[in-house]
1. Measuring from label point to label point, each 7 Å out along Cα→Cβ, what is the Arg32 to Cys105 span in nm?
2. For a quick protection proxy, order the peptides 92-105, 24-37 by their average other-Cβ count within 10 Å, most packed first.
3. How large is the accessible surface of Lys148 in square angstrom, using a 1.4 angstrom probe and rounding to the nearest 10?
4. Once each part is reduced to its C-alpha centroid, what is the distance from the stretch 147-168 to the stretch 203-225 in angstrom?
5. Can you tell me the FRET efficiency between Arg182 and Leu21 if r is taken as the Cβ-Cβ distance and R0 is 22 Å, rounded to the nearest 0.05?
6. Per residue, how much accessible area does the chain have with a 1.4 Å probe, in Å²?
7. Working from Cα positions, state the angle (0 to 90°, nearest 10) between the long axis of helix 12-24 and the longest principal axis of the chain.
8. Could you name the lysines whose alpha carbon sits less than 22 Å from that of Lys201, not counting residues in the same chain fewer than 8 places away?
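The values are calculated or read from the model by the stated rules, or taken from the named source; none is laboratory data. These figures come from a predicted structure and were not determined experimentally. Cβ: placed from backbone, ideal geometry, glycine included. Neighbour counts: every protein chain shown. The accessibility values were calculated without ligands, DNA or RNA, using every heavy atom of the protein model including side chains. Shrake-Rupley method; radii C 1.70, N 1.55, O 1.52, S 1.80 Å.
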Amino acid sequence: MQLSFALDDRPFLPRVRDRLLVRLGPRRDGRRRDPVSQLVCSMLGSKTRDEVSRRVFRELRRRYPSWDGLGDASPRAILRVIWPVNLAEPKAGQLPQALRMIVACTGRLSLDHLADLDEEVAMQWLRRLPGVGSKIAAEVLNFSTLRKRAFVVDTQLLRLGGRLGLLPLDADYDAGYEQLMRQLPDAWDAEDLAELHRLMKLLGQTTCTAHTPSCGACPLRDLCPRCGV
């Protein structure tokens, strides 16, 4: 097995994906939110653990069955619901602002028009919204029913990308997105990118952790210059 790895001359990210698939198994999820719901979920999830942001998202959806109501709500009312997430106060202001801006630009609370745009143009459109950067924009495009070819780069992927030599160690979300998108095979579609994100994120959460990485147990150890294997 080690010999086959050593002779593998394919591009780097396909090798990473195949190693992680063997260790962690397929990570494809057919469930998709509409783009506006994904925007709300992603904004809540920034700098917050998934289990917390998902719980808050469900409660926010219960309070506001129509997102139009959330757009009309006051930051104070929203804060009473979303207080468990990190940065709750600024998010309570940014959420209704972003929804109102969508209505002002499109005439209705919908992001369906992004389906007809090139991925980079759609990314730029979303980044104009309050509280939306490259990570959230990519989540809206890739994880929602839009199914666009945008790679979600979060804190876990920035760390793994830096350790594997794919990114500078100080890369931010914007640089991480742009540089990793250039390294992905053109043949990979939106679901391939979503699966690679989930695989790398899981590795970062369980093995290649921030402070105590388990290099000896990592399926990428011989590919990683930090491990020295």
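1. Roughly 2.1 nm, to one decimal.
2. Most protected by this proxy first, the peptides run 92-105, 24-37.
3. Counting only protein heavy atoms, Lys148 exposes about 20 Å² to solvent.
4. After rounding, the separation between the Cα centres reads 15 Å.
5. With R0 = 22 Å, the Cβ-Cβ based efficiency is 0.45.
6. Heavy-atom SASA per residue in the chain reads 50 Å².
7. On a 0 to 90 degree scale, this one is about 80.
8. List returned: Lys47, Lys135, Lys148.
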